[in-house]
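What follows is one structure encoded as C-alpha cells, with my remarks underneath.
Please treat every number below as a calculation from the coordinates, not as lab data. Bear in mind the structure is a predicted one, so any value in this text is a computation, not a measurement. Backbone-built Cβ (ideal geometry, glycine too); neighbour counts: all protein chains shown.
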Amino acid sequence: MIYTAIDTFYLTDEQLKNSPSRRDGIDEATETTLQIFGCDLIQESEILLKLPQAVMATGQVLFHRFYCKKSFARFKVKMVAASCVWLASKLEECPRKARQVLIVFHRMECRRENLPIEHLDTSSKEYVDLKADLIRTERHLLKEMGFICHVELPHKFISNYIAILGMPDELIQEAWNLANDSLRTTLCLRFKSEVVACGVVYAAARRFHIPLPENPPWWKAFDADKAGIDEVCRVLAQLYNLPNK
C-alpha cells in the first residue's frame, strides 16, 4: 500500500467520537449542528463571491480537517469558515481578497440575524480587527494541517464510474448532488474519495432503481468495499433525516 501525507487526515470512528470538541464538553448533536452550519456558510459565501463549486468543496473539507484537530469551543465557526473560503479560493486559483470575503460574511451574518444590512466600513476598527483575525485563523489552519492542503474530491471519479458501469448520464447530476451533500458530514475524514464516489453512485442508482453488477461485485473495480459504501449511504440518509433549522 502506498502511504501519502494526505492519509494523515483519515480518522477512525473512535477518533471522531473523541474529537477535541467532545473533550471540551460539546455533545454529538451540537457538534453535528455546528459542522453543518459552518459548511452552509461556506456554500452560501461561494455563491455570493461567484466562486467555482470546487472552492466550496475544498473549503468544506478544510473546515472538517481543522475541527478534527481543534475544538468548536475554542475557535469561532464563522471566522474558521471565512478563513477556509479565503484559503480554498487561493488553492483553487480563484483568489478573493480578504476584504471581499469579510464583506460577504458580514452581509450573511446580518441576514441570518435579521439585522439591517449595513456596509462593512473597511476603514473602521471593526474591519481591521476582523482582517487580523482572518489572517491569524488562516495561519492556524495551515499549521494544523502541516501546510498539506491538497484536497481530492469524490466528484472527479463520478463521471468515469458511471460511464464504466454503463449507467445513464442523468445519474451524474444526482450523484454529484449527493457528493456535495456528503461534504456537510465527516465522510471526507473517514473514507477516501473513491469510496465516497462509489457510495453516491450506488445511492443514485438506487434512487433511479438501476441495478448494478454484483457478480463480480462492481465496487471492487474501484478500490472500494461494500461496508464503506453502505456507511456512506447511511450517513447521507441520516443527514437528510435531520430536522430543518
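In segment 7-144, the inverse of the mean reciprocal separation of distinct Cα atoms equals 15.5 Å; this is its Kirkwood hydrodynamic radius.
Quick one: helix 125-144 against the long Cα principal axis of the chain, what's the angle to the nearest 10°, folded into 0 to 90? Once rounded, the angle reads 40 degrees. Residues within the reach of a label modelled at residue 135 (point 7 angstrom out along Cα to beta-carbon, backbone nitrogen below 14 Å), restricted to segment 90-126, are 98-99. Count Lys and Arg as plus one, Asp and Glu as minus one, and take only other residues whose Cβ is under 13 Å from that of residue 25; the net charge is then -1.
Think of the chain as having a plus end and a minus end, set by charges on the Cβ of Lys, Arg, Asp and Glu; of 183, 114, 52, 114 sits farthest toward the positive end of this dipole.
Footprinting exposure proxy ranking of 240, 127, 67, 10, fewest other C-beta atoms within 10 angstrom first, gives 240, 10, 127, 67. Using Cβ point charges alone (K and R +1, D and E -1), the dipole size of the chain about the Cα centre works out to roughly 680 debye. Contact order for segment 7-144, expressed relative to its length and based on alpha carbon pairs under 8 Å spaced 6+ residues apart, stands at 25 percent. With respect to the chain, whose longest principal axis is taken over its alpha-carbon atoms, helix 226-240 is tilted by about 50°.
Starting from the eigenvalues of the Cα gyration tensor, five times each then square-rooted, give me the equivalent ellipsoid semi-axes of segment 130-245, largest first, whole Å. Don't skip to the answer; put the middle values down first.
Values: eigenvalues 193, 54, 33 Å².
In descending order, the three semi-axes are 31, 16, 13 Å.
The share of C-alpha pairs in the chain whose separation exceeds 26 Å stands at 42 percent.
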